[in-house]
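Everything on this sheet refers to the single structure shown next.
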Amino acid sequence: DQQVKQNSPSLSVQEGRISILNCDYTNSMFDYFLWYKKYPAEGPTFLISISSIKDKNEDGRFTVFLNKSAKHLSLHIVPSQPGDSAVYFCAASGSNFGNEKLTFGTGTRLTIIP
Amino acid sequence: DAGVTQSPTHLIKTRGQQVTLRCSPKSGHDTVSWYQQALGQGPQFIFQYYEEEERQRGNFPDRFSGHQFPNYSSELNVNALLLGDSALYLCASSLGPGQYEQYFGPGTRLTVT
């Protein structure tokens, strides 16, 4: 049972444009959401997170939006740069025992076209 | 400030053998979690260690076991290896078991032949 879903396996975006990566979840006990970026032969790198009490969090070029009623979050990267080309994983966690682990989606491969 | 380190980088084992993977957490972190990432999938939670005890566990068989040492470093042991155990094994550390933000090491690529 896939509790965190990233339905787009890949995405190509022109350099300088906006990249939008999407993520859906099914477990209503999740209350914290994270985005990780992964380059080949490296571990996932933490990018940005959002608590369920917020609907938006911004950090430089990266903004995460959370729509709790739709159980949907998205990551916006503006402007997109060639170094952003990587696999992006959405992850979710809960504060209650048993849900404190990170549950990951299957990832979206983002390619920025120069 | 040293990040999460893992050893070895790569490992090739034969079916039925046993393997031990090692992890040193980021400086100041006391909680270690282990994940398995199969090809084309997201990381899957194996278990988490805090205060030298297994705090919670994912859907992995008892062949997967671990240990945490007083210096917070950790080991992942897998017995009776199967071909399906071939994956990237990731270690992540955090500042306490309730901290959501986990920092990952580069992983150990295990190949079972």
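Okay, here's what the table says:
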item	result
Single residue of A:Ser85, A:Ser74, A:Ser80 found to be more than 25 Å from B:Gly58 (Cα to Cα), in contact with a Cys (Cβ under 9 Å, 6 or more places away or on another chain), hydroxyl-bearing (Ser, Thr, Tyr) and surrounded by 14 or more Cβ atoms within 10 Å (Cβ to Cβ)	A:Ser74
Residue match in the stretch A:27-40 (condition: surrounded by 13 or more Cβ atoms within 10 Å (Cβ to Cβ), under 11 Å from the mean Cα position of the chain (by Cα), among the polar types (S, T, N, Q) and in a loop (DSSP other than H, G, I, E, B))	no
Test: residue in the stretch B:84-99 that is away from chain A (no Cβ under 13 Å), farther than 16 Å from B:Pro8 by Cα and of a type in the set (Gly, Ala, Ser)	yes
From the options A:Ala91, A:Ala70, A:Ala86, residue that is at pLDDT 95 or above and farther than 16 Å from A:Gln3 by Cα	A:Ala86
Residue in the stretch B:23-38 that is more than 13 Å from the chain's Cα centre (by Cα), assigned to a strand (DSSP E or B) and crowded, with 16+ Cβ neighbours inside 10 Å present	no
Verdict on B:Val78 being in contact with a helix residue (DSSP H, G or I) (Cβ under 8 Å, 6 or more places away or on another chain) and either within 18 Å of B:His29 (Cα to Cα) or crowded, with 22+ Cβ neighbours inside 10 Å (or both)	yes
Hits in the stretch A:34-53 - residues which are more than 9 Å from every other protein chain (Cβ to nearest Cβ) and modelled with pLDDT of 90 or more	A:Trp35, A:Lys37, A:Tyr39, A:Leu47, A:Ile48, A:Ile50, A:Ser52, A:Ile53
Cβ-Cβ under 6 Å pairs, at least 6 apart or on other chains, the stretch B:1-25 side away from chain A (no Cβ under 13 Å), far side exposed (fewer than 11 other Cβ atoms within 10 Å of the Cβ)	B:Thr14/B:Thr113
Answer residue from the stretch A:93-114, given it is within 9 Å of chain B (Cβ to nearest Cβ) and among the hydrophobic types (A, V, I, L, M, F, W, C) and is surrounded by the most Cβ atoms within 10 Å (Cβ to Cβ) among those	A:Leu102
Residue in the stretch A:61-83 that is facing chain B (nearest Cβ under 10 Å) and among the polar types (S, T, N, Q) present	no
Positions within the stretch B:26-38 being within 12 Å of another protein chain (Cβ to nearest Cβ) and either of a type outside the set (A, V, I, L, M, F, W, C) or more than 19 Å from A:Thr103 (Cβ to Cβ) (or both), in sequence order	B:Lys26, B:Thr31, B:Ser33, B:Tyr35, B:Gln36, B:Gln37
Test: B:Leu90 is touching a Leu at 6+ places or on another chain (Cβ under 6 Å) and hydrophobic (A, V, I, L, M, F, W, C)	no
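The values are calculated or read from the model by the stated rules, or taken from the named source; none is laboratory data. In this text the structure is predicted, and so the values were computed from the model without any measurement. Please note: Cβ atoms are built from the backbone with ideal geometry, for glycine as well, and neighbour counts cover all protein chains shown.
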